[in-house]
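*Asks:* There's a structure below that I have some questions on.
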């Protein structure tokens with residue numbers, strides 16, 4: 001599978017997984033200038049900013065390693081912009097979903113995968 005196709009298919013699988021958990025989609029591939037959020041979900045009294053990482057089983061790499069401090073910082077800045085455009089009083093969490101494609105698809109959900117550090 002090509003990288004873009006892998007990413008799109010992974011996002012679709014992650015979305016279905018989260019919706020099956022009872023989450024409601026607020027935005028998918030939300031963009032504003034150079035900011036992007038994969039999935040923005042509502043779950044009870046919270047908003048979940050979800051980063052989706054997809055991999056083919058032939059890749060010998062842990063997709064969560066892509067969640068560097070710089071990447072987390074970009075997600076926080078994007079989330080601030082999203083919330084400014086879509087005000088809410090709900091608590092915001094940053095989650096990660098990994099999707100590993102192979103003979104079987106493996107989805108792993110990391111709720112509250114990181115917390116923003118405000119300076």
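*Asks:* Against the longest principal axis of the chain, how steep is helix 69-85, in degrees 0 to 90 to the nearest 10, with axes from Cα atoms?
*Replies:* Tilt of helix 69-85: around 50 degrees.
*Asks:* Shifting gears a bit: Starting from the Cα of residue 8, step 7 Å along the direction of its Cβ; do the same at residue 71; then give the gap between the two resulting points in nm.
*Replies:* Computed distance between label sites residue 8 and residue 71 equals 2.2 nm.
*Asks:* What percentages, rounded to whole numbers, describe P(r) for segment 1-54 computed over all alpha carbon pairs with 10 Å bin width beginning at zero?
*Replies:* Histogramming segment 1-54 at 10 Å steps yields 26, 51, 21, 2 percent.
*Asks:* Oh, and also: For helix 3-20, what angle does its Cα long axis make with the longest principal axis of the chain, in degrees from 0 to 90 and rounded to 10?
*Replies:* Approximately 60 degrees, to the nearest ten.
*Asks:* Do me a favour and compute the ellipsoid semi-axes for the chain from its Cα gyration tensor, root of five times each eigenvalue, largest one first, whole Å.
*Replies:* They are 24, 16, 13 Å, listed largest first.
*Asks:* Given the options 49, 107, 83, which has the most mean-square fluctuation in a GNM of the chain, springs set between C-alpha atoms less than 10 angstrom apart?
*Replies:* 83
*Asks:* Measure off 7 Å from each Cα along the Cα-to-Cβ vector at residue 105 and residue 24, then give the distance between these two points in nanometres to one decimal.
*Replies:* 2.5
*Asks:* Using the 10 angstrom Cβ neighbour count as an exposure proxy, how do 85, 42 rank, fewest first? Let's see the in-between values first.
*Replies:* On the way: 85 10, 42 15.
Final ranking by Cβ density, sparse to dense: 85, 42.
*Asks:* Could I ask something else about it? Could you check which residue among 50, 40, 92 shows the biggest mean-square fluctuation in a GNM of the chain with a 10 Å Cα cutoff?
*Replies:* 92
*Asks:* When the chain is modelled as a GNM with alpha-carbon springs shorter than 10 Å, which of 15, 55, 26 fluctuates the most?
*Replies:* In this elastic network of the chain, the residue with the biggest mean-square fluctuation among 15, 55, 26 is 26.
*Asks:* Antiparallel as a % of all DSSP beta bridges within segment 3-113, to the nearest 5?
*Replies:* Approximately 60 percent, going by the DSSP bridge assignments.
None of the figures in this text is laboratory data; all of them are computed from the coordinates on show. Computed from a predicted structure; not experimentally measured. We place every Cβ from the backbone using ideal geometry, glycine too, and count neighbours over all the protein chains shown.
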